[in-house]
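Trainee: Would you mind keeping the following structure in view while I ask a few things?
The values are calculated or read from the model by the stated rules, or taken from the named source; none is laboratory data. If you're wondering where the values come from, they're calculated on a predicted model, not measured in any experiment. So basically every Cβ, Gly included, is an ideal-geometry build from the backbone, and we count neighbours across all protein chains shown.
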């Protein structure tokens, strides 16, 4: 798991190479801007059921190719979106020109279209819509919004994209869908993996990526059915989670986390859950031919002591990367229920990783493909400060 460092709110650009470092062949090097706020908008937690962030390349465009960070830290009903652009260029001036072509794409349209076309045909699809009849009042952030990167040009540059950071209200119980991909085009000595971090997840999340690292810390007050109150969850437990019982009919949708990779690629996933949460977790690594003697080998690590014991439904010594486990299962409940985790890595491999332009031509090697389920192991994640409300 990686630690995120609090970044100063400067708009300085970070080049890859210092003056005493040789420039790479072709005089191309990575540049990255600092975080910039692109949305600071009213957000009604009860009206927003789904938020979608990131996306793979579509129609030679709309690819963020970077990290996605989501923090449930806001005490006001608003959402903040920030972007940090990056590109390969021969110099700072050219990189700044590339950054000018990258912008946020925030609409409710599931199939991306150029902003000009959407604004002409469906202006209210803009997630920061202002009704012309009431120009001084911001319409709250809509349900089902998509937050992506958009390249204003014919074909998005191969090494251009943006990291995306989102701040949400504490306790928002909706569904979070995150998609990113690696930034691995030429040159090969800057393997920029798309990582995902979620801190304070209070609902459900679906994560899809290439070969990045995933860190998810759940809200300490999360319930097995997040959309129901603590009392409703307790009432369901009292009747053995019989969802046909009148006291439990409203609580049939258990929380869930899905983490998957595209193809045979390795991801390392760490999920930090409250010690008392009722969890039903399934973990796997689907690399063909993987065995305990493989070099490298990958494992599933569950903090059974921290959770007060594990009930292993499936676990074999011959497949230490795979297992199905229940934690804190109420005695009267059916098997298979609870807050559901499903984590699948497509490979176990040692790969090169560049976390910033400073790592250009000097990437580090990491083994990816492990899965970790713990309680408290992500407590030291550094959380950046969100900008103040406008």
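Trainee: Please report, ordered by residue number, the strands (runs of 3 or more DSSP E) entirely within the range 322-380 with at least 3 residues that are over 25 Å from residue 219 (Cβ atoms).
Mentor: 349-353, 364-368
Each row is one residue, and each column tells you yes or no for (1) part of a strand (DSSP E or B); (2) crowded, with 16+ Cβ neighbours inside 10 Å; (3) under 17 Å from the mean Cα position of the chain (by Cα); (4) assigned by TED's automatic domain parsing to the domain that holds residue 155.
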{"site": "30", "(1), (2), (3), (4)": "yes, yes, no, yes"}
{"site": "41", "(1), (2), (3), (4)": "yes, yes, no, yes"}
{"site": "71", "(1), (2), (3), (4)": "yes, yes, yes, yes"}
{"site": "94", "(1), (2), (3), (4)": "no, no, no, yes"}
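Trainee: Is it the case that some residue within the range 122-131 is in contact with a strand residue (DSSP E or B) (Cβ under 7 Å, 6 or more places away or on another chain) and part of a loop (DSSP other than H, G, I, E, B)?
Mentor: Yes, there is a match, as at least one residue in the range 122-131 is in contact with a strand residue (DSSP E or B) (Cβ under 7 Å, 6 or more places away or on another chain) and part of a loop (DSSP other than H, G, I, E, B).
Trainee: Further question on the same structure: Which residue, of 159, 84, is under 30 Å from residue 30 (Cβ atoms), within 23 Å of the chain's Cα centre (by Cα), part of a loop (DSSP other than H, G, I, E, B) and in contact (Cβ under 8 Å) with a residue 60 or more places away in the chain? So that I can check it myself, show each step before the final result.
Mentor: Details: 84 fails: part of a loop (DSSP other than H, G, I, E, B).
Within the list 159, 84, the selection yields 159.
Trainee: Against the condition crowded, with 20+ Cβ neighbours inside 10 Å, more than 30 Å from residue 253 (Cβ to Cβ), modelled with pLDDT of 95 or more and not assigned by TED's automatic domain parsing to the domain that holds residue 138, how does residue 346 come out, does it pass?
Mentor: No.
Trainee: For residue 110, only one of the following conditions fails: (1) in a loop (DSSP other than H, G, I, E, B); (2) modelled with pLDDT of 95 or more; (3) farther than 24 Å from residue 170 by Cα. What is its number?
Mentor: (2)
Trainee: Now for a different question. Among the listed residues 149, 208, which satisfies the condition of being more than 22 Å from residue 278 (Cα to Cα), outside the structural domain of residue 85 (by TED's automatic domain parsing) and either touching a strand residue (DSSP E or B) at 6+ places or on another chain (Cβ under 7 Å) or part of a strand (DSSP E or B) (or both)? Spell out the reasoning first.
Mentor: Working: 149 fails: outside the structural domain of residue 85 (by TED's automatic domain parsing).
None of the others qualify; the one that does is 208.
Trainee: Could I ask something else about it? Being at pLDDT below 95 and buried (at least 17 other Cβ atoms within 10 Å of the Cβ) is true for just one of 359, 370, 295. Which residue is that?
Mentor: It is 359.
Trainee: So which residues in the range 52-61 are closer than 20 Å to residue 143 by Cα and either crowded, with 22+ Cβ neighbours inside 10 Å or out of contact with any strand residue (DSSP E or B) (no Cβ under 7 Å at 6 or more places or on another chain) (or both)?
Mentor: Residues satisfying the conditions are 53, 54, 55.
Trainee: Working carefully through the options 116, 98, find the one that is outside any loop (DSSP other than H, G, I, E, B), loosely packed, with under 14 Cβ neighbours inside 10 Å and either assigned by TED's automatic domain parsing to the domain that holds residue 41 or out of contact with any strand residue (DSSP E or B) (no Cβ under 7 Å at 6 or more places or on another chain) (or both).
Mentor: Matching residue, one of 116, 98: 116.
Trainee: How do the pairs read when you match residues in the range 123-135 that are in the same structural domain as residue 106 (by TED's automatic domain parsing) with residues anywhere that are exposed (fewer than 12 other Cβ atoms within 10 Å of the Cβ) and modelled with pLDDT of 95 or more, using Cβ under 7 Å and keeping only pairs 6 or more apart or on different chains?
Mentor: Filtered contacts from the range 123-135: no entries.
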